[in-house]
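Novice: Let me begin by handing over the structure; questions about it come next.
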Amino acid sequence: MAETVGEGWHVYVLRCADGTLYTGVTRDLQKRLSQHNGMQAGGPKYTRGRRPVQLMWSDTAADRSTAQQQEAAIKKLSRVEKLRLIGC
């Protein structure tokens, strides 16, 4: 797992409790993980019923546009390709 914390944008892949994968972008990775796991308010409906979630992979991007482009590219991958990306 390439977990990175700090300035800038982050692209990340989570593994949900039901085995599904979720890809997203954020500026604050730790806060977003807390939201996904219900420790803080917010977070998407998708992960609400699939907790706990685990960070499997993340990368930094220079800006929001680049992060969203990388997120879109990951979402287009097959499940097998996503699992290869996260090292499973």
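Derivation of every value follows stated rules applied to the coordinates shown; laboratory data play no part. Since the model is a prediction, treat every value here as computed from it, not as a measurement. Don't worry about glycine lacking a Cβ; one is built from the backbone with ideal geometry, like all the others, and counts go over all protein chains shown.
Novice: Write out the trypsin sites (Lys or Arg not before Pro) in the chain meeting two conditions: DSSP loop, and at most 11 other Cβ atoms within 10 Å of their Cβ.
Specialist: Details: sites: ARG15, ARG27, LYS31, ARG32, LYS45, ARG48, ARG50, ARG64, LYS75, LYS76, ARG79, LYS82, ARG84; in loops: ARG27, ARG50, LYS76.
Counting only loop positions with at most 11 other Cβ atoms within 10 Å, the trypsin sites (Lys or Arg not before Pro) in the chain are LYS76.
Novice: Suppose every K and R has +1 on its Cβ and every D and E has -1 on its Cβ; what is the size of the dipole of the chain about the Cα centre, in Debye to the nearest 20? Intermediate results must be reported in sequence, preceding the final value.
Specialist: Values: 14 positive and 8 negative charges, 87 e Å.
Magnitude of the dipole: close to 420 debye.
Novice: Another question, if that's okay. Considering the alpha-carbon set of the chain alone, what are its Rg and its Dmax in angstrom?
Specialist: For the chain, the Cα radius of gyration and maximum Cα-Cα distance read 12.1, 32 Å.
Novice: Show me the GluC sites (Glu not before Pro) within the chain that DSSP assigns to loop and that have at most 13 other Cβ atoms within 10 Å of their Cβ. Please list the in-between numbers first.
Specialist: Working: sites: GLU3, GLU7, GLU71, GLU81; in loops: GLU3, GLU7.
Answer by residue number: GLU7.
Novice: Using the number of other C-beta atoms within 10 angstrom as an exposure proxy, rank HIS36, HIS10 with the fewest first. Intermediate results must be reported in sequence, preceding the final value.
Specialist: Details: HIS36 27, HIS10 23.
Exposure proxy ranking, most exposed first: HIS10, HIS36.
Novice: Between GLN40, GLN68, GLN54, where does the largest GNM mean-square fluctuation fall for the chain, given springs only between Cα atoms within less than 10 Å?
Specialist: Between GLN40, GLN68, GLN54, it is GLN40 that shows the largest mean-square fluctuation.
Novice: Explain nothing, just compute: Karplus ³J(HN,Hα) = 6.51 cos²θ - 1.76 cosθ + 1.60, θ = phi - 60°, for every residue of the range 71-88 in order, whole Hz, x for Gly and Pro.
Specialist: Each residue's phi maps through the Karplus curve to give 4, 4, 5, 5, 5, 7, 5, 6, 4, 4, 5, 5, 4, 5, 4, 8, x, 9 Hz.
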